[in-house]
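Enquirer: My questions will all concern the structure given below.
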Amino acid sequence: MTQNTRVTDGSDAPSRRGPGRRTVLRGAALGAASPLVPATAATASAGNGGGRSRRPAAGSTSLRWLGTAGWRIDAGDRTVLFDPYLTRFPTGLFNGAFDPRTPLRTRPEVVDAHIGRPELVLVSHSHWDHLADVPHIARTTGARVVGTETTYHLLVALGVDAGQISVVKGGEVLDFDGIVVEVVPSLHSRNKKCSYFAPGTLNAPPATAPRTIADLPEGDTLAFRVTAGAGGPSAFLMGASDFSERAVQGLRPDLAMIAVPSSTATHRYVPRLLRALGHPRVTVPVHWDNFEVPLSGSPERDPAMNLDAFLAQVEKVSPTTRVVVPDYHTVYDGDMRAAGG
């Protein structure tokens, strides 16, 4: 969740886009040439057990945008999920009738069609558009979940085995048999009043299991740098459009999945972030879509997100960076090009 007050980011850089050296790949066009690979096919060998290589084969990494901030990363026969929110139930957020009492729900048939057989689920923070489907995924797949203490308490209250959850604070570098996860302390995005939806942290389980979206506090925010094997690309994954400049300094990821802001509350967000990250060779804007419509169609823009202004800023401050605007139906390779295209 970005924040509860929807504001148009009209004061950002102009939306007119100059020629530049940046290449913008529109995912909708690429999707026609590279349809979504069925989730079960991509990881069919994962259940054979035993002979997993510590280092995924070079060139074996693929990435799929799950909408909002979510990603599925496949490295050989291994799958990592980040902020997988797939049920996308309506809350009134995008039509001016937002209801924080909206009941939490999960549609297993929708979730299962997209997640494969994950062994890791990384969670940036605990708002519903990042966490709501994680309890189902954890319970049904046995995947290890990495997140904050708040995420831990919420998941346990929602029936996830505490032994499956790794609590992190930021600064950890975790090696999951060749998939290296660097946990980055981060910040949640804010509206133009410098506030945001459902703040707060949990240091103990809630008295009752969460039932509504308002029962899921933010609980601090993390980002992650994921590297799939020695030859795999490194991807910086954000779940909200703010960051700690000192924490990301020197990460230098190959790919940067950057949340688009809905306000200018964060001072010089794009220039500061791209400079701190070392001007990644590929930047992918995320969290700019309406996450209350199904993934079956093309992405609809969140009217509060000025995607064009974001793209213009990237081109201005990092002209050598290639920008890929993703869609829901394209499988990308480790360079964020349409796989097989």
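Enquirer: Based on alpha-carbon positions alone, could you give the equivalent ellipsoid semi-axes of region 208-291 from the gyration tensor, as √(5λ), descending, whole Å?
Expert: Values: eigenvalues 126, 59, 31 Å².
Listed largest to smallest, the semi-axes of region 208-291 are 25, 17, 12 Å.
Enquirer: Follow-up. Note the full-extension length gain between residue 230 and residue 296 as 0.36 nm times their separation in residues minus their Cα-Cα distance, in nm to one decimal.
Expert: Here the segment from residue 230 to residue 296 would lengthen by 20.3 nm.
Enquirer: Taking R0 as 41 Å, what FRET efficiency do you get between residue 161 and residue 268 from their Cβ-Cβ distance, rounded to the nearest 0.05?
Expert: FRET efficiency, residue 161 to residue 268: 0.45.
Enquirer: Here is a further query. Taking 0.36 nm per residue of separation and subtracting the Cα-Cα distance, what length does fully extending residue 169 through residue 140 add? Intermediate results must be reported in sequence, preceding the final value.
Expert: Numbers: separation 29, 0.36 × 29 = 10.44 nm, distance 2.59 nm.
The span from residue 169 to residue 140 would gain 7.8 nm if fully extended.
Enquirer: For region 300-341, state the semi-axes of the equivalent ellipsoid (square roots of 5 times the eigenvalues of the alpha-carbon gyration tensor), sorted largest first and rounded to whole angstrom.
Expert: Numbers: eigenvalues 95, 57, 5 Å².
Each semi-axis is the square root of five times an eigenvalue, giving 22, 17, 5 Å.
Enquirer: Any chance you could list P(r) for region 243-284, counting all Cα-Cα pairs in 5 angstrom bins from zero, rounded to whole %?
Expert: Whole-percent P(r) values from 0 Å outward: 5, 24, 35, 24, 10, 2.
Enquirer: Sort 78, 252 by Cβ crowding within 10 Å, fewest neighbours at the top.
Expert: Starting with the residue having the fewest Cβ neighbours, the order is 252, 78.
Enquirer: Among 234, 189, 244, rank each residue by its count of other Cβ atoms within 10 Å, from fewest to most, as a rough exposure measure.
Expert: Ascending number of Cβ neighbours within 10 Å: 244, 234, 189.
Enquirer: Enter the Cα centre distance for the pair region 166-181 and region 201-242, rounded to the nearest angstrom.
Expert: 13 Å
Enquirer: Here is a follow-up. How high is the relative contact order of region 223-336, in percent, with contacts defined as C-alpha pairs under 8 Å that are six or more residues apart? Intermediate values should be presented prior to the final figure.
Expert: On the way: 179 pairs, mean separation 28.2, N = 114.
In percent, rounded to a whole number, it is 25.
Enquirer: Using a ≥ b ≥ c from the Cα gyration tensor of region 246-341 (square roots of the eigenvalues), is it rounded, prolate or oblate, where a/c under 1.5 gives rounded and otherwise the larger of a/b and b/c decides, a/b for prolate?
Expert: In terms of gyration-tensor shape, oblate.
Enquirer: Hey, another quick one. Given a Förster distance of 30 angstrom, what is the FRET efficiency for residue 112 paired with residue 211, based on the Cβ-Cβ distance and rounded to 0.05?
Expert: With a Förster radius of 30 Å, E is 0.85.
Bear in mind these aren't lab numbers, they're just calculated from the coordinates by the rules spelled out. Being a predicted model, the structure only gives us computed values, none of them experimental. Note that we place each Cβ from the backbone using ideal geometry, even for glycine, and neighbour counts take in every protein chain shown.
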